[in-house]
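Below: one structure, written as structure tokens.
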Amino acid sequence: MGDDGEQSSGTPKYRRVLLKVSGEALMGDEPYGIDINMVDRIAGEIKHATEIGAEVCLVIGGGNIFRGLSGAAKGMDRTSADYMGMLATVMNALAMQNALERIGVDTRVQSAIPMTTVSEPYIRRRAVRHIEKGRVVIFAGGTGNPFFTTDTAAALRAAEMSCNALLKGTQVDGVYSADPKTNPDATRYDELSYHEVLSKDLRVMDTSAVSLARDNEIPIIVFSIHDQGRFVDVLQGDGDCTVVS
């Protein structure tokens, strides 16, 4: 495998991966909702990943449209707010599916909340078969249960699909000891153990997600989704990121 992520066509370091993208990432430069240019850019990187031989599935958050926790904080019933957040993830999944299929990537959306008009229901064996056939599968609707985040859904689906890694595309280029946007003295980590993430309360993902990944020995790789080409670089073992294992 060459060092040049743009040119290398060798086998990726991680053969089957789940990419977790926050809903906020899809906003791009917009204050709210979906920036189609950003969705198209991420779709292009996913296509590149499949071209070098990776099998990719996705979980996309819904925070660009509705966040259950903030809704609950404003007085809504937490269960209803969480279901609204799950519906937002379906909207994001359909936007990403559209972007991928426009550039020739065969894609399926499976929702944990049955919505057969717009998506397939989540069926594990069918999802595995899609992935084996080279399709990108987008898992929408979270886990289908309130009180669980899309981070937990990502770790759960990564375990169910026997993924080699869970890649979390975030706003920063790895895990820091504090928020680097507000604390210039924050320390960036190249590697962490699951135990360190939990004991230091580093908020890489919620504790349920980290515990699930640890129990199934799935490394969590945190990188910046805003750095163009970084997803493929990380897939090939290069690029700035933090590896939790």
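Values quoted throughout were computed directly from the atomic coordinates according to the rules given, and no laboratory measurement underlies them. As the structure is a prediction and not an experimental result, all values here were calculated from the model. All Cβ positions, glycine included, derive from the backbone under ideal geometry; neighbour counts span all protein chains shown.
Quick notes
- Restricting attention to segment 157-175, the residues that are surrounded by 24 or more Cβ atoms within 10 Å (Cβ to Cβ) and either basic (K, R) or out of contact with any strand residue (DSSP E or B) (no Cβ under 8 Å at 6 or more places or on another chain) (or both) add up to 2.
- Selection count, segment 9-32, where residues are surrounded by 15 or more Cβ atoms within 10 Å (Cβ to Cβ) and either at positive phi or among the basic types (K, R) (or both): 4
- Of all residues in segment 173-197, those that are small (G, A, S) and in contact (Cβ under 8 Å) with a residue 12 or more places away in the chain total 3.
- Residue match in segment 129-141 (condition: surrounded by 15 or more Cβ atoms within 10 Å (Cβ to Cβ), among the hydrophobic types (A, V, I, L, M, F, W, C) and over 26 Å from Q228 (Cβ atoms)): no
- Residue in segment 32-55 that is of a type outside the set (G, A, S) and over 26 Å from L235 (Cα atoms) present: yes
- Only listed residue being surrounded by fewer than 19 Cβ atoms within 10 Å (Cβ to Cβ), without any contact (Cβ under 8 Å) to a residue 60 or more places away in the chain, out of contact with any His (no Cβ under 8 Å at 6 or more places or on another chain) and under 17 Å from A49 (Cβ atoms), chosen from D227, D206: D227
- Hits in segment 194-245 - residues which are of a type in the set (G, A, S) and over 14 Å from the mean Cα position of the chain (by Cα): S199, S208, S211, G229, G237, G239, S245
- Matching residues in segment 20-34 - criterion: being without any contact (Cβ under 8 Å) to a residue 60 or more places away in the chain and either closer than 15 Å to L58 by Cα or in contact with a helix residue (DSSP H, G or I) (Cβ under 6 Å, 6 or more places away or on another chain) (or both): G28
- Odd one out for D233 among (1) of a type in the set (D, E, K, R); (2) more than 21 Å from T89 (Cβ to Cβ); (3) in contact with an Asp or Glu (Cβ under 8 Å, 6 or more places away or on another chain); (4) surrounded by 16 or more Cβ atoms within 10 Å (Cβ to Cβ): (3)
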